[in-house]
Amino acid sequence: MILSNKVEEKSFVIDIAKEKDSNNVCKFFRKFNEVSFCDWQNNDAIKILLRSDNNIILIACSNEQIIGMLCGGILGTRASVNHIAVEKEFRNNYIAKSLLIEFEKYALSKQVKRIFCFVHEDNQSGISLWQSQGFEKKRNEITLEKDIS
């Protein structure tokens, strides 16, 4: 199964980001407090990510306005959704779910067996979204991070 370049649903289109979109990717994710978009995730970092065959950024647009975005990647048989956001006025319109469905198609095309995500424990709407799509807490894990530069 191969991810299609465009998917039309409910008056929005989902497309795969290109290098030329890197500035818009940064601007979009930085608008959301609930998205842990790090300071070092700049245009250059996004361009490197987009050049990789194991990463993808999906952009949802309505009337040429970016209304949602998902950033994810693959490592072996596991994939992760690192960031997902939808403009507040467009939430509850199947946009986040559509982005996740398209990411799943992409992951399946790469023989991925499991997708995991990162969500703040106080982001109840995010947790509800993930659970509505079949995600569940597998273990009592915590995420540890270390910035190395």
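The values are calculated or read from the model by the stated rules, or taken from the named source; none is laboratory data. Model, not experiment: these values are computed from the prediction. Here Cβ is always computed from backbone atoms with ideal geometry, including for glycine, and neighbour counts include all displayed protein chains.
Some notes on this structure:
One line per residue, one yes/no per condition, for (1) crowded, with 16+ Cβ neighbours inside 10 Å; (2) out of contact with any Phe, Trp or Tyr (no Cβ under 7 Å at 6 or more places or on another chain); (3) farther than 21 Å from I14 by Cβ:
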position	(1), (2), (3)
A45	no, yes, yes
I48	no, yes, yes
D53	no, yes, no
A60	yes, no, no
G72	yes, no, no
L99	yes, yes, no
E141	no, yes, yes
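- Top-ranked residue of region 11-50 - restricted to ones that are acidic (D, E) and over 27 Å from N93 (Cα atoms), ranked as modelled with the lowest pLDDT: D39
- Of all the residues in region 43-90, those that are within 16 Å of the chain's Cα centre (by Cα), of a type in the set (S, T, N, Q) and farther than 16 Å from V119 by Cα number 3.
- Scope region 105-136; condition exposed (fewer than 10 other Cβ atoms within 10 Å of the Cβ) and either within 23 Å of I16 (Cβ to Cβ) or among the basic types (K, R) (or both); matching residues: Q111
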